[in-house]
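Peer 1: This is the structure I want to talk about, given as structure tokens.
The values are calculated or read from the model by the stated rules, or taken from the named source; none is laboratory data. Every value quoted in this text rests on a predicted model; they were computed, and no experiment measured them. Note that we place each Cβ from the backbone using ideal geometry, even for glycine, and neighbour counts take in every protein chain shown.
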Amino acid sequence: MRRGIAHIAGRRILNVERAPCSRRPIEILPRIDVFRRRVQGQVIREVGRLGKRVVLVLEDEQRIILEPRMTGLVLMADPPTVDHLRISITLERVAQPLLFWDRRGLGSVRLCSADEYAKRYGLEKIGPDALVISPAELRSRLCTSRREIKVALLDQRAVAGVGNLYASELLHLARIHPARRCDTLRKAEWERIHAAMLAILQTAIKYEGSTLSDGTYRNALNESGNYQNHHRVYDRADQPCQQCKGGIIQRIVQAQRSTFFCAKCQTRRSRTRS
DNA sequence: CATATGTCCTGAGAGC
DNA sequence: TGCTCTCAGGACATAT
């Protein structure tokens, strides 16, 4: 998402409008008239990312945080439908406005001063990024937890950027059972988890994300992703594991979320040291 | 303090 | 066919 709109860096904001949407409004803070007054005329200095959020850094250090959650899209193109369009940001000398579209409306758009941003999104709220964190840091942040590893990986304060789909995917690549308690994992296993996390996320980014059967995720040009065609386990319950050719993908529920894994590749116990 | 659960939302798909 | 029901998972508030 971030890369899809990275080219708007350097552009000046002309206007911000709440789109006419018949649905319950998403959270937009502050209210739209205050929002508009504070950003109008500001140049977007940087198009950044904080975990799963896209962050527009303005020339006066204010930040616009676009939080898509499940079904939100950040677009520089026509949206899938006009119905769920939420906010529109027009830019100087760019015909196409920046749009935030959100079918289910769980997402939000928020404008923060530099201080408010530091308080609300500091390191104690959003942990180190999954693409940047070191293996040692990942391990030290989670190795005393009694939670199951798949559940712990979704905690954005521990490590930022891993969602439900990719947690299953990376644990399959790492050959770690999703229900393994963090405090039972050995150093070599943490290193496998870290390497798999990087590999899965980098590959998923390369393929522009996963557009699932509900068709929701689209890139900034409203095009489908392609990583769903590379899923190892996610949404593949009862299908054979492509890795071991013998296992059948299982679906379980952890913390009210689906987890997919191959019981043959991902054994519940770590191999005992020889 | 750490961990677990409930909440919001829409539309696809299942089941009858 | 058309209806009702369940489910998907982000982050955060509240409960244990």
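Peer 1: Hey, any hits in segment A:37-56 for a residue that's more than 20 Å from the chain's Cα centre (by Cα) and without any contact (Cβ under 8 Å) to a residue 12 or more places away in the chain?
Peer 2: Checked against the condition, which is being more than 20 Å from the chain's Cα centre (by Cα) and without any contact (Cβ under 8 Å) to a residue 12 or more places away in the chain, segment A:37-56 yields at least one hit.
Peer 1: Identify the residue in segment A:146-165 that is outside any loop (DSSP other than H, G, I, E, B) and more than 8 Å from DNA strand C (Cβ to nearest atom) and, among all such residues, is surrounded by the most Cβ atoms within 10 Å (Cβ to Cβ).
Peer 2: Applying the filter and picking the extreme gives A:Leu153.
Peer 1: For segment A:66-87, enumerate the residues that are of a type in the set (Gly, Ala, Ser) and touching a strand residue (DSSP E or B) at 6+ places or on another chain (Cβ under 6 Å).
Peer 2: Within segment A:66-87, just A:Gly72 meets the criteria.
Peer 1: Continuing with the same structure: So A:His84 passes all but one of these: (1) within 15 Å of DNA strand C (Cβ to nearest atom); (2) within 26 Å of A:Ile126 (Cβ to Cβ). Which condition number does it fail?
Peer 2: A:His84 satisfies every listed condition except (2).
Peer 1: Additional query: Can we say A:Val47 is closer than 30 Å to A:Asp214 by Cβ, in a strand (DSSP E or B) and either away from DNA strand C (no atom under 16 Å from the Cβ) or in the same structural domain as A:Asp155 (by TED's automatic domain parsing) (or both)?
Peer 2: So A:Val47 fits the description; yes.
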